[in-house]
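The values are calculated or read from the model by the stated rules, or taken from the named source; none is laboratory data. None of these values were measured; they are calculated from a predicted model. Please note: Cβ atoms are built from the backbone with ideal geometry, for glycine as well, and neighbour counts cover all protein chains shown. When the accessible area is computed, the model is the full protein with side chains, heavy atoms only, and any ligands, DNA or RNA have been set aside. Shrake-Rupley method; radii C 1.70, N 1.55, O 1.52, S 1.80 Å.
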Amino acid sequence: MNPPTPFSVRPVALVTGASRGIGRAIALGLARAGFAVVVNYSASEAAAREVCESIVAAGGTAVAVGADVSQSLDRKKLIAATIEAYGRLDLLVNNAAITSPGRLDLLAATEENWDRVFALNLKGPFFLSQAAVARMLPLIHSGKISGAKIINISSISAFAISTDRADYCLTKAALGMMTGLFAARLADEKIQVFEVCPGLIATDMTASVQAKYDRQIAEGLMPMRRWGAPEDVAQAVVAIATDAFPFSTGERIHVDGGFHLRRL
């Protein structure tokens, strides 16, 4: 006879791409807010385990699960591992993404890069959300959890053009529409869906363009003249996750130092 599936007393968050950068900060922030965290990674198991160890050392609970969210079997594995570990899923944070390989001019963009970026940045979050909802709904309908949330980590590249990252910009723009689609479909099911839109955040993804943006920030690229930190994004995610917006869904939360504001 199989042992009963555990059911965590803590709400459970699955964070994709959580071994470094913004994802790492989100995982740590949610753990501090009382969530059990599934730390997804695709490349560095050691980095993911370090995140888990930090969470456990601070009194939380976490497990690391390797999976490439662009792959169907890996998405199924990730959801199954979450339920196996904790018996529930309250929050999905779609964070895993890559920038445009080689930052090629759009006239030189390749189908190979296009397929790679779209598979991870858009197809992965869409179908992982679909799979997560399939687990969330029975938990909600049975009264085991009161509701659930999906948070998509987007980018100012959803609306700010970079002609050397066309594939990346297009995926982030589409992620905003995906947020609205899931929000409208799931509102009656007690599942809220949000988009968090970071601006210039100091991570390894932006390290190669640091000098360029250091200069532009100093010249007033956005009203708040500093780089954002991964923790800035994490705080927005935690606010949503802990019901700071109980009568909202489908919203875009800007974490960009005011970059999105039009100014004369």
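The slack between L73 and A108, meaning 0.36 nm per residue of separation minus the straight C-alpha distance, is 9.4 nm. Normalising the average separation of contacting C-alpha pairs (under 8 angstrom, six or more residues apart) by the number of residues puts the relative contact order of segment 6-114 at 31 percent.
In this simple spin-label approximation, F247 and V209 carry label points 7 Å from Cα along the Cα→Cβ vector, and these lie 3.9 nm apart. Normalising the average separation of contacting C-alpha pairs (under 8 angstrom, six or more residues apart) by the number of residues puts the relative contact order of segment 46-189 at 26 percent.
With the simple model of a label 7 Å out from the Cα in the direction of the Cβ, H141 to A173 spans 3.8 nm. Near I253, the amide H atoms lying under 5 Å from its own belong to E195, V196, C197; only residues 5 or more places off or on other chains count, and H is placed 1.01 Å from N. Gain on full extension, evaluated as 0.36 nm per residue between S54 and L221 minus their Cα-Cα distance, stands at 56.6 nm. Relative to the Cα centre, the charge distribution of segment 199-264, modelled as +1 at Lys and Arg Cβ and -1 at Asp and Glu Cβ, gives a dipole magnitude of about 380 debye.
Taking the Cα centre of segment 57-136 as origin and assigning +1 to Lys and Arg Cβ atoms and -1 to Asp and Glu Cβ atoms, the resulting dipole is close to 280 debye. Heavy atoms of the protein chains alone define the surface here; on that basis segment 59-197 has 43 Å² accessible area per residue at 1.4 Å probe size. Under the criterion of Cα pairs below 8 Å and six or more residues apart, the relative contact order for the chain equals 19 percent. Based on the reciprocal of the average 1/r between different C-alpha atoms, the Kirkwood radius for the chain equals 18.7 Å. Ranking V37, F247, F7 by how far each Cα lies toward the positive end of the dipole of the chain (charges on Cβ) leaves F247 at the top. Charging the Cβ of each Asp and Glu at -1 and of each Lys and Arg at +1, and nothing else, the dipole of the chain about its Cα centre rounds to 380 debye.
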